[in-house]
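J.: Quick one: this structure, given as structure tokens, is what I'll be asking you about.
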Amino acid sequence: MHNLASNSGMIMENCDDIFRLLSAILNTQLLAPSVNALAEKLGYGVSSRSSINRIKKGIAGSGAVDTLVNRIHQHLNIDVNALMRMEAAIQNAYHFEKLIKPQMNLGHKDWQFHAIYPFISHDYSHFSPEFRKGDMQRMLLLELTAPRAFFNMLAYFYIVSTDVKYYQKKSLTHKQRCAEIIEPLGERLIRMFPSNGLAAGLVYSYSISDLFNAETPILWSLVETIGSMLQAFASPLDSTYKESRSRLLPGLPERAYWRGKDNNIILLLWSRHGKEPASGHYELFAIEKNSKIPVSIASLFFMSDEIMSAYLKRTSRSQFGVYNIAGDSISFEWENPNDDPMQTGNKWELLSPDSSQSLRELDRSLTDDALTREMAHGEGFDFDFAMQPADVIISRTQLSLLLNNGSKYSIDINFAPFLSKLTPAEPLMVCRQLSDGRIFAIWPEIRQSIPLDLFTTI
């Protein structure tokens with residue numbers, strides 16, 4: 001069997017490596033539906049477009065290769081590392097299809113889904129013993145050593161084998177095309193993994209989020225998003241750790257108070273620590289000076305020295321932005337310069353409790369429990385302290401909850417994949433959904449939840 005490739009850390013040592021890589025990619029639709037369409041995107045004149053065809057056939061010179069790589073980077077924001085990931089997905093999907101087909105009933109109209117599903121559910125019982133002991137182990141080694149390459153492989157295999165018509169939906173925007181393709185697949189997985197809130201959010205990411213407005217409108221962008229979604233369903237804890245690497249801003253206290261556009265409103269950023277040192281996000285509250293009641297309005301994620309995103313509680317949408325810190329002020333810029341998505345103004349000034357008695361009194365009056373309750377309320381839940389866990393017990397077969405009100409519940413550890421990886425110390429909340437009164441056990445830091453009525457009452 002051909003070894004599946006990760007391409008992680010691979011260095012392009014000479015032109016032949018780039019040549020091989022480009023030739024593989026140009027024989028797919030990952031960058032464009034055709035060579036001519038790609039040439040037009042990249043600004044090639046009619047007379048110079050033949051150079052792309054020569055690269056595709058493997059007969060071009062190094063100058064043509066360098067020009068193509070530079071234009072792909074300039075016009076599509078695709079660098080050599082991304083090209084390497086593409087080639088890995090192409091080669092891995094090719095070998096995956098060869099190996100998986102003998103295990104499938106190809107007469108079934110939905111065999112492609114059933115080919116990737118075992119690698120998401122981790123149930124391989126329908127495969128032959130020979131396959132499970134041999135080729136499948138090499139596939140799982142790729143998942144272990146290079147999960148991004150593994151799930152990109154599954155995504156690209158699924159897209160190619162189901163003959164997705166991405167470029168033929170010409171009347172739709174890139175986001176609309178992607179939503180039409182990703183949502184039916186994701187909704188099937190939601191039905192099978194109803195507790196996985198992180199993955200469910202990715203299913204509808206193109207429909208409800210503005211984060212993809214600036215994404216390069218090519219098929220490869222969709223492949224990587226589907227790969228991330230499949231990984232989130234298959235390995236929710238690993239996906240959460242990867243997603244939780246947003247950073248806490250240096251020098252800010254646990255609670256940082258700010259003045260925005262309205263002098264009668266105090267803004268509070270409450271830091272929520274992540275799994276890694278100095279990682280985490282902020283819950284944003286607006287506090288009216290007279291009432292002193294906090295209102296949860298957003299969750300803020302700072303992903304680099306400039307880039308951030310805001311999850312808006314009012315609309316359940318995410319918005320991508322740029323931030324800048326200068327002294328005691330922070331400013332935000334959005335894709336649309338006139339936007340104020342948090343409705344706080346786009347420049348805040350840091351307030352010092354040391355120089356304000358009223359701010360110190362406000363800080364003392366706001367307990368963490370009150371902020372937690374309002375944070376839950378902002379996301380559509382009622383937080384009742386009597387229903388919170390007094391103890392969590394995890395055995396090899398069961399997860400048991402003892403609530404403050406004396407109620408006891410248990411659930412089979414195999415009910416959802418993430419349960420087997422939990423520890424009793426993982427933060428857990430029990431909340432009532434405001435829309436229908438249904439009660440959920442929620443693990444907020446890993447974004448998983450299970451309705452309490454699916455537990456067994458002890």
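J.: Over the stretch 156-235, average the accessible area per residue using a 1.4 Å probe and give it in Å², no decimals.
T.: That works out to 38 Å² per residue.
J.: Here is a further query. Considering only protein heavy atoms, with the full assembly of protein chains and a 1.4 angstrom probe, order SER449, SER365 by accessible area, largest first.
T.: Largest accessible area first, the residues go SER365, SER449.
J.: If you average the sequence gap of Cα pairs under 8 Å that are 6 or more apart and divide by the length of the stretch 138-225, what percent do you get for the contact order?
T.: Computed value for the stretch 138-225: 32 percent relative contact order.
J.: Rounded to whole Å and ordered largest first, report the semi-axes of the equivalent ellipsoid of the chain derived from its Cα gyration tensor (root of 5λ).
T.: After diagonalising the Cα gyration tensor, the semi-axes are 43, 31, 18 Å.
J.: Loop-only check: which trypsin sites (Lys or Arg not before Pro) in the stretch 363-435 are DSSP coil with at most 10 other Cβ within 10 angstrom?
T.: The qualifying sites are ARG396.
J.: Taking the stretch 312-351, how much of its Cα-Cα pair set, in percent, is spaced more than 14 angstrom apart?
T.: Counting every Cα pair in the stretch 312-351, those more than 14 Å apart make up 49 percent.
J.: Expressed as cubic angstrom per residue, what is the convex hull volume of the alpha carbon set of the stretch 114-219?
T.: 121 Å³
J.: Moving to a separate point now. How do the peptides 381-390, 45-54, 293-302 rank, highest first, by the average count of neighbouring beta carbon atoms within 10 Å per residue?
T.: Taking the mean over residues of other Cβ atoms within 10 Å, the ranking is 293-302, 381-390, 45-54.
J.: Leaving out ligands, DNA and RNA, and with a 1.4 Å probe, what % of the accessible surface on the chain is carbon or sulfur?
T.: 49 percent
J.: Multiply the residue separation of ASN263 and ALA370 by 0.36 nm, subtract the distance between their alpha-carbon atoms, and state the gained length in nm to one decimal.
T.: Between ASN263 and ALA370, full extension yields 36.2 nm more.
J.: Another question, then. Using +1 at the Cβ of each Lys and Arg and -1 at the Cβ of each Asp and Glu in the chain, identify which of SER400, ALA39, LEU172 lies farthest towards the dipole's positive end.
T.: ALA39
J.: Going highest first, how would you order 214-220, 20-26 by mean Cβ packing within 10 Å?
T.: The peptides rank, most packed first, as 20-26, 214-220.
J.: Still on this structure: Which links in LYS41/LYS101; LYS57/LYS109; LYS169/LYS421; LYS56/LYS98 stretch past 31 Å when you go from one Cα to the other? Before the final figure, lay out the partial values.
T.: Working: LYS41/LYS101 36 Å; LYS57/LYS109 35 Å; LYS169/LYS421 41 Å; LYS56/LYS98 24 Å.
From the list (LYS41/LYS101; LYS57/LYS109; LYS169/LYS421; LYS56/LYS98), the Cα-Cα distance tops 31 Å for LYS41/LYS101; LYS57/LYS109; LYS169/LYS421.
J.: Provide the FRET efficiency to the nearest 0.05 for the LYS57-LYS170 pair, computing r from the beta carbons and using R0 = 45 Å.
T.: 0.95
J.: Quick one: which of 317-324, 100-107 comes out on top by average Cβ neighbours within 10 Å, and what's the full order, highest first? Don't skip to the answer; put the middle values down first.
T.: Working: 317-324: 17.2, 100-107: 13.2.
Ranked from most to least packed, the peptides come out as 317-324, 100-107.
J.: From the convex hull of the Cα coordinates of the stretch 288-346, what is the mean projected area in square nanometres? Display every interim value, and only then the final one.
T.: Values: hull surface 19.5 nm².
Value for the stretch 288-346: 4.9 nm².
J.: Would you list the P(r) distribution for the stretch 86-171, with all Cα-Cα distances sorted into 10 Å bins from 0 and each bin expressed as a whole %?
T.: For the stretch 86-171, the binned pair fractions read 16, 51, 26, 6, 1 percent.
J.: Share of Cα-Cα pairs in the stretch 371-410 beyond 16 Å, in percent?
T.: 48 percent
J.: Which FRET efficiency, nearest 0.05, do HIS122 and SER395 yield, Cβ-Cβ r, R0 22 Å?
T.: So, using R0 = 22 Å, E works out to roughly 0.65.
J.: In addition: Mean separation of Cα pairs under 8 Å and 6+ residues apart, divided by the residue count of the chain: what relative contact order is that in percent?
T.: On the way: 668 pairs, mean separation 46.6, N = 458.
Relative CO of the chain lands at 10 percent.
J.: Okay, next question. For ARG255 and GLN343, what is the calculated FRET efficiency with R₀ set at 22 Å and r taken between the beta-carbons, to the nearest 0.05?
T.: 0.60
J.: Here's a follow-up. May I ask you to compute the full-extension gain from TRP111 to SER47, defined as 0.36 nm times their residue separation minus their alpha-carbon distance, rounded to one decimal in nm?
T.: 18.6 nm
J.: Now a separate question. Counting only Cα, what are the radius of gyration and maximum Cα-Cα distance Dmax of the stretch 6-164, in Å?
T.: According to the Cα coordinates of the stretch 6-164, Rg and Dmax are 17.9, 56 Å.
J.: Related question: Would you mind checking the stretch 377-409 for residues with the amide N under 17 Å from a putative spin-label position 7 Å along Cα→C-beta of GLU288?
T.: Only 378 fall inside the zone, counting backbone N under 17 Å.
J.: Mind checking the log10 I(q)/I(0) for the stretch 236-370 at q = 0.09, 0.13, 0.15, 0.18 Å⁻¹? Debye, one equal scatterer per Cα, no solvent, two decimals.
T.: -0.26, -0.55, -0.74, -1.08
J.: Using only Cα atoms, what is the ratio of the radius of gyration of the stretch 372-437 to 2.2 N^0.38 Å?
T.: Details: Rg = 12.9 Å, N = 66, 2.2 N^0.38 = 10.8 Å.
Relative to the 2.2 N^0.38 Å estimate, the stretch 372-437 comes out at 1.19.
J.: To continue, here is another question. Using a 1.4 Å probe, how large is the accessible area of THR457, given in Å² and rounded to the nearest 10?
T.: Counting only protein heavy atoms, the figure is 100 Å².
J.: Enter the accessible area per residue of the stretch 391-458 (Å², integer; probe 1.4 Å; all protein chains in place).
T.: Per-residue value: 53 Å².
The values are calculated or read from the model by the stated rules, or taken from the named source; none is laboratory data. Everything numeric in this text was worked out from a predicted model, so none of it was measured. For neighbour counting, all protein chains shown are included, and Cβ atoms are generated from backbone atoms with ideal geometry for every residue, glycine included. SASA here: full protein model, heavy atoms, side chains in, ligands and nucleic acids out. Shrake-Rupley method; radii C 1.70, N 1.55, O 1.52, S 1.80 Å.
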